[in-house]
Amino acid sequence: MNEDVRADPDKLLEAIQRQEGQHKRGKLKIFLGMAAGVGKTYAMLEAARKQQSLGVDIVIGYVETHGRKDTDALTVGLPLIPRKIIEHRGVTLSEMDVDAVLARKPKLALVDELAHTNAPGSRHPKRYQDILELLDAGIDVYTSLNVQHVESRAQTVEEITGSTMHETVPDSILDVAEIELIDISPEDLMRRLDEGKVYMPDRAAVAMVNFFREGNLTALREMALRLAAERVGQDVRDYMQVMQIQGPWKTGHRLLVAVSPSPLSAQMVRWTRRLADSLDAQWMAVHVESSKALSEENEQRLTKNLALARELGAEVIATVDEDLVRGVLRVARQRNATQIVVGKPAHNDLKQYFTGGRFMRRLVAESGDIDIHVVRADKSETPSPAQIFQMPGPLAWKQYALSIGVVAGLTAVNAFLNPVIHYRAVGFEFLLAVVMLALFVGRGPILVGAALSAVMWDFFFVPPPFTFYIQEPEDVLMFGMYFIVAMVMGQLIARFRTQEKAERRREERTTALYLLTRELADAVTLDEIVKVVVRHIGQLFSAEVAVLLTETNGQLATEPRPGSTLKLSEKEQSVATWVSQHNTQAGQFTDNLPLSEALYLPLATAGGVLGVIGVRLPAHSPPNLEQSNLLEAFVRQAALVIDRQRLHDASQHARLAAESERLSKNLLDSISHEMRTPIAAITSAASALGDPKMTSQGEFGETLVSEIKEAAVRLNRLVGNLLDIARVESGHVKPKIDWCDISDLVNVTVKSVQRELSGHKLEVVIKLEIPLVRMDFALMEQALTNLLLNAGFHTPAGTPIQLLARVQNDELALTVMDHGPGIPPEAINRIFDKFYRAPGALTGGTGLGLSIVRGFVEAQGGRVAVENRAEGGAAFTLFLPITEPPLFPMETA
C-alpha cells in the first residue's frame, strides 16, 4: 500500500523561496555547448527574435558574432546598446555598458560569453557579475557558455585537453539558470572548423592540432550532456517538492542505500557504488537518526560507514525519524530515488524476524513504485551472534540493578505494612514505582522492573500469598491489566524521555549553528570571521583551532590566521597542505595521515578549496557522528562566509581600481587641457615679443606681457589647486585660527578676482551686525575665491553674481549666488566630490575647486551647502561657527 507521506516543510519552503526569488529577479537562460563553434550565439539570437515577434522588449547588451555572416544577419532589427569604450595601456577595448542597459531597462537583454573577463576599469571584473546585476534589476538575460568554463569542470577539462582554463564561472550561476544544450557531433564541429566557420584558417589549423581533437570533443560533449541532465534532474525534483508529488518519476536511475551501524552497511555501500557505475546513475546514502542512543562501538562503525559512502562519491543525507521505514521512504520520494538498496537479514532467528524481517516486509509493502534491491551479505561480513546480541554496558547494568533494587525495596516495605494495607493498594504502589523508574532508566530496565514487580505482587501479596496461584477471577483480570499497564506506561515514559534528550541535542546543535551564523553575519573582515569560527569551535568542542587560508597564488599560507589558538609544527603544516591539495579530511581519527596531532578539514566551496581548519580535540577517542556532523556544518558555514567575504573584497578592490583609474584619467585630461591653454598663450606671446616688428609697437607689447602674466596666474592657480587638494586628502591642512573681520575678507577676495569676473556684475552685501569671527584668513580667502570663480565660469557673461555675508543661527553665512542654469538635482549630493563634473557642465577646469572649498571650510569646523534658487541659478553657502568676540582693553587718555 502507498502511505500518504507528508512533504518535508523545510524542503518545501526552500523550493518555494527559490521560485519566489526567481520571480522577483530576472530569469537567466544559458545556451550551453561543448566548445566554440557549436552555434550557441546563433541559437541565442534565434530565440531572441522569436521573443521579439511575441512583443518582448529586447536589446543587445553584448553579442560577439566573430564576423560570421549568418550570425550577423540575425542581429539586424534587434535594438543595440552601444558598447562602452575603455582605454587600457594604450589599447582601446569595448565592453558592455551596464549602466546603459539598466537605464534602458528592457524585458530581455542578450549578453554573450558568460565567462568573459572584463577590461580593467570596468565596474565588475567578470561579465557574469554584470549579468547578476541585470538579473537583480529584474531584467531577463540570454547568454552563452562552453562547458570547459564551468568551475567544477575546469580541472577535468585541463586533464583531458592539456589546456588551462583561465576564465571560469561559479556553479552557483547555473543553479539559478535555465539551460538549453546546443549539441552537434564532433565530426560536424570539425567540419565547421575546417570550413573556417569557427576560426580564421591560421587559428583553425592550430586549434585542430591542440584543443579541437576528436577525442577531446567527444569527452567535452559527454560533459555538456551530463551537466545539462543534472540541471534538468534538479528542476524535476524542485517541481515535485513544490507540487508535493510523491514520485518517483523515473526520468533516470537514482539509487538510495540505507546506512546504519550494522557491519553489513559497508558492503551495501560498495554494492550500491558498483550498481551506480553500471547504470551510470547518481546515488545517495541515507542514515535515519532516531532517539535511541547508540553505543560507542556503534557510533564509530556508523561514522566509518558514512565516511566510506562519502569517499566513494555518494551524497550523504541524515534525517530524523522514529520510524526507520518512514524515514527512508520520505527521503527517497523527496529526492526522486528510483531504487533502494538494503541488506538481507543475516540470521533466521527470532530477533531478526521481529527486527530486520519486519523492516524488510514494511519497506517492500510501502515502497510503491520504488524498486527494492535486497542484497545478500557475504559470509565474511556477516555479523556474528555476539555482534547481534550485545551485552549491556556498565551504565545499563547499573540501571538494571536500580530497577531490581527499587522493586525489592518496595516489596520489603510493603511486607511490613501488609497487615494494614490492602493488597490491591500495593499493586498501585508497584505501578507508581515502575512509572517513576521510567524517568531515570532505559527501556530494558523498565521491562525488567515491570515484570519483576508483577511477579512480586502476585507472589507476596495477592491471596493466597507465597504462591503464584490467584484465587479470585477479578484478581486474575487485575493482574493481567496491571502487567499490561506497567509495561505500556513504562515504555511510553521511557520513549518520551529518550525523545526529549534527542530533541535537546538537536536544539543545542541548532542553537550552536544559529549563534555561529549570526556572529558571522556581523563580521566584516576575514580576521573577524576567523576569530568567530575559532572561538565557537573552541568553546563547543573544547579544542584548539587553527585556520589557514589560501594565498592569491593558490598556495596554502604557511602561518595560521590571527586569532588561531593551535600552533602548527612543520609536520602538521604539511598535513594541512595535503588536505588543501586533495580537498579531503586528514589527520587524527581519519584514514589519511592518522598519526597527526589534529584533525584537518578543508574549507571548500563549489569554486575550490579556500583553506584548511585544524582542530585538536582533547579526547583520545574520535568524535561521535553527531559531533562530526556539527563540526562539518561549522566548517561548511565558515567556508561560505569566507568565500562571500573574498568575493566582496575582490569586488571592492576592482571597484576601487576602476575608480582610481577613472580619477587618474580625469585628472590627466583636466590638467593637460588646463595647462595647454596658458602654455599656448605664453608661447605665442613670447614668440611675438621676440619679433622686432611686433615689439616696436609699445602698446601691443604691453598687451602681450599682460597675456603672459594672465596665463602665468592661471598656471599658478592650477598648481595651487593640485597642492591644496593634496593637503586636504593627506590631512595636512593646519588652520591658523585668529579673529578676523568679514569686511576685510570680502574686500581682499573681491579685489583678487576683479580681472577674472570683469564680464559679470559683482554685487556685495555685508550685514552690519556681523561680529569678528575666528577663522584662517588665507584658507577662507582661497575658498571664497574658488566659489566666485566657479560662479563666473559656469554662468553666461553679463549675468550678475551676488556675495552675501550675514549671521544665521549663530553661524557666519557667506553665500555666493549666480543666475546661471543651476545644478541638476542628481548632482547636488556629489557637487563637492573630487573630480566630479555635473552633467552638461562646460568643458575646462579640473573639478578640484569645490572639493578644496569643502576641505578648507571643514578643517576650520565649518560646513558647506548648495541649493538651486527658485528664481534661477545656484547658491553656495559657507558656514562658520560664531563664538564670543574678544574683549579689547579700553584706551586711556
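The values are calculated or read from the model by the stated rules, or taken from the named source; none is laboratory data. Because the structure is a prediction, the values reported are computed rather than measured. Ideal geometry is used to build each Cβ from the backbone, glycine not excepted, and the neighbour counts take in all protein chains shown. These area figures cover heavy atoms from the full protein model, side chains too; ligands, DNA and RNA do not enter into them. Shrake-Rupley method; radii C 1.70, N 1.55, O 1.52, S 1.80 Å.
At a glance:
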{"quantity": "Interatomic Cα distance distribution for the stretch 133-172, bins of 10 angstrom, percent", "calculated": "27, 40, 23, 10"}
{"quantity": "Centroid-to-centroid separation of the stretch 594-648 and the stretch 44-114 [C-alpha atoms, Å]", "calculated": "44 Å"}
{"quantity": "Rounded to 5, the percent of DSSP beta bridges in the stretch 758-866 classed as antiparallel", "calculated": "55 percent"}
{"quantity": "Mean Cβ neighbour count within 10 Å, used as a protection proxy, ranking 875-882, 739-746 highest first", "calculated": "875-882, 739-746"}
{"quantity": "Around residue 514: net Lys/Arg minus Asp/Glu count, Cβ-Cβ under 14 Å", "calculated": "-1"}
{"quantity": "Alpha-carbon centroid distance for the pair the stretch 291-337 / the stretch 140-183, whole angstrom", "calculated": "33 Å"}
{"quantity": "Exceeding the 25 Å Cα-Cα cut-off - candidates 27/105; 50/107; 344/501; 531/567", "calculated": "344/501"}
{"quantity": "Spatial extent of the stretch 429-546: Rg and Dmax, with the Cα atoms as the point set, Å", "calculated": "25.8, 82"}
{"quantity": "Extent along principal axes [Cα atoms of the stretch 514-563; Å; largest to smallest]", "calculated": "33, 24, 14"}
{"quantity": "Using distinct alpha-carbon pairs, which all enter the 1/r mean, Kirkwood radius of the stretch 487-629 in Å", "calculated": "16.7 Å"}
{"quantity": "For the stretch 476-531: rounded, prolate or oblate by the Cα gyration tensor [a/c cutoff 1.5]", "calculated": "prolate"}
{"quantity": "Burial ranking of peptide ranges 427-440, 602-615, 767-780 (average Cβ count within 10 Å, highest at the top)", "calculated": "602-615, 427-440, 767-780"}
{"quantity": "Rg over Rh, two decimals, the stretch 767-841 (C-alpha only, Kirkwood Rh)", "calculated": "1.00"}
{"quantity": "Relative compactness, the stretch 283-322, computed as alpha-carbon Rg over 2.2 N^0.38 Å", "calculated": "1.20"}
{"quantity": "Relative pair counts by distance (%), Cα atoms of the stretch 23-79, 10 Å bins", "calculated": "20, 53, 24, 3"}
{"quantity": "Residue-normalised accessible area of the stretch 18-160, expressed per residue, 1.4 Å probe, Å²", "calculated": "45 Å²"}
{"quantity": "Percent accessible area from carbon and sulfur atoms, the stretch 566-617, protein chains only, probe 1.4 Å", "calculated": "52 percent"}
{"quantity": "Stokes-Einstein D in µm²/s, Kirkwood radius over Cα pairs - the stretch 742-884 at 37 °C with 0.692 mPa s viscosity", "calculated": "214 µm²/s"}
{"quantity": "Equivalent ellipsoid semi-axes - Cα gyration tensor, the stretch 418-484, angstrom", "calculated": "22, 12, 10"}
{"quantity": "Kirkwood Rh, Cα atoms: Rg over Rh of the stretch 48-152", "calculated": "0.96"}
{"quantity": "With all protein chains modelled, accessible area of residue 283 [1.4 Å, Å²]", "calculated": "20 Å²"}
